[in-house]
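Single-structure report; data block below.
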């Protein structure tokens, strides 16, 4: 992963965890992410889901981005992240 790719992911994680998870910002940052068509990217997106986010719309944007992967990739990413997701964001699991 290049520095720019990592920066895009870091910016998205920061917005979710400390920036208020503003829906318009989340949507913009998702658009800046590099290719998201692998299971690792799907798992990374799902790991961003948070029960503490003030706006469900932001979490729906993240979920929609993860679900944009083909079925096999989405399922592989979901299985990779399910334990973390169930613990950290049971509402979204």
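Every number in this text was worked out from the coordinates using simple rules, so none of it is lab data. Only a predicted model underlies this, so the values are computations on that prediction, with no experimental measurement involved.
With 0.36 nm allotted per residue and the present C-alpha distance subtracted, the residue 33-residue 91 stretch has 18.4 nm of extension available.
If you wrap the Cα atoms of the chain in a convex hull and average its projected area over all directions, you get 5.2 nm².
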